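The values are calculated or read from the model by the stated rules, or taken from the named source; none is laboratory data. Because the structure is predicted, anything quoted here is derived from the model rather than measured. Virtual Cβ from ideal backbone geometry, glycine too; neighbours counted across all protein chains shown.
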Amino acid sequence: MSLIGSFDRTLSSDDVLRRRSSLLQRLHIDGILLLLLLLLATGSLFVLYSASGKNVDLLMKQASSFGIGLVAMVIIAQFEPRFMARWVPLGYLCGVGLLVVVDVMGHNAMGATRWINIPGVIRFQPSEFMKILMPATIAWYLSKRTLPPSLKHVSVSLGLIVTPFVLILLQPDLGTSLLILASGAFVLFMAGLQWRWIAGAVAAVAPIAVAMWFFVMHDYQKRRVLTFMNPESDPLGAGWNIIQSKAAIGSGGVFGKGWLLGTQSHLDFLPESHTDFIIAVLAEEFGLIGVCLLLLLYILLIARGLVITVQAQTLFGKLLAGGLTMTFFVYVFINIGMVSGLLPVVGVPLPFISYGGTSLITLLSSFGILMSIHTHRKWIAQA
């Protein structure tokens, strides 16, 4: 009778949630991160379809990249952080090697040499992988040392950061190189960098910026900085992008014009509307409300990343999770600041929304690492 009763028993909502939680834990998937990422993925495809001029081929490529990225995320989440740490040095060397290959014989597009092209097989951007490898390398190096780091260890860390930074700067790709620099610097900061060194780094920003202006930056990069200060000085040239971007954002108002009803992108007033300036399309069609919803998703992702950072059980996991989370924040901050005219245009796409296969797969892989750090921690705690 009790056996029959057990078959007839209706599962309570608590039982269902417990079983779902158990399944996600066994797969080493963080449910909150997965939900937020799927919401971003769904919304981004709607925005991209409009921003690309209803280009179905572009949409299918982006959807395929999402699929590949999700698979990569799930696979990466299965590996324990300590296993990843063993392979970080080799990954860093391979990443730097690929950057050297790009500078020597990379594929040139739109005046920049940033890609490795294997005809008929794949074209990818090695600098994207360094967004993961850079914080992972610094976290691996410092986790084996006494903290706060000594001058020797800080110097070695800076050497590891500057090498890919310079190689990416030569492509030229100022936006990505700054992101790589920031990702390594965040790990150094979280490792307990002394305040006098931080103050020295801040004081060095001005002379370094002057030196980069005269000896490193290309003419088009200088024009972007000058345009940022006064876009109206060249409204039909260098200032065109930012002026049209502001017009698109302002014309959307609070509620937007409606999906597929934007004029700035559909009438080709807004260049790069499906990549770097895609948030202007979102603002025009979905208004302030749409932008706020997107920002809310980003804030929740960053908050979840910081929670994972605080709860990490190993020093390597804590440094890496914090570095990846803060790099993601800088990613969002630079793009939105750039499109709204608060920062110079440096060619940084909007995470998960802008079109770009390599960037998308790299971002999802980084969240796979966060899931690994969090779910393996839970598994250890329950063992």
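Taking the listed residues A303, A312, the one that is modelled with pLDDT of 95 or more and farther than 30 Å from G262 by Cα is A303, with no other qualifying.
Restricting region 148-161 to residues that are hydrophobic (A, V, I, L, M, F, W, C) and over 20 Å from L90 (Cβ atoms) leaves a set whose member that is nearest to the chain's Cα centre (by Cα) is L158. Residues in region 114-156 that are farther than 21 Å from F367 by Cα and among the basic types (K, R): R114, R123, K144, R145, K152. H153 is checked against (1) modelled with pLDDT under 90; (2) more than 25 Å from K61 (Cβ to Cβ) and fails just one. What number does that condition carry? Condition not satisfied by H153: (1). Only a single item in (1) touching a Phe, Trp or Tyr at 6+ places or on another chain (Cβ under 6 Å); (2) at pLDDT 90 or above; (3) β-branched (V, I, T) is not met by T275, and it is number (2). The residues listed here are L296, L270; of these, the one that is at pLDDT 85 or above, aliphatic (A, V, I, L, M) and under 26 Å from the mean Cα position of the chain (by Cα) is L296.
For region 263-295, filtered to residues that are part of a loop (DSSP other than H, G, I, E, B) and of a type in the set (D, E, K, R), the residue that is farthest from G337 (Cα to Cα) is D268.
The set of residues from region 323-350 being without any contact (Cβ under 8 Å) to a residue 40 or more places away in the chain and either of a type outside the set (A, V, I, L, M) or not in a loop (DSSP other than H, G, I, E, B) (or both) comprises F328, F329, V332, F333, G337.
Scanning region 279-306 for residues that are closer than 30 Å to R145 by Cα and surrounded by fewer than 16 Cβ atoms within 10 Å (Cβ to Cβ) gives I302, A303, L306. In the condition set (1) in contact with a Phe, Trp or Tyr (Cβ under 6 Å, 6 or more places away or on another chain); (2) farther than 26 Å from G368 by Cα, M326 is compliant with all but (2).
Just checking, does region 59-66 include any residue being within 17 Å of the chain's Cα centre (by Cα) and either of a type in the set (G, A, S) or under 19 Å from L260 (Cβ atoms) (or both)? Yes, there is a match, as at least one residue in region 59-66 is within 17 Å of the chain's Cα centre (by Cα) and either of a type in the set (G, A, S) or under 19 Å from L260 (Cβ atoms) (or both).
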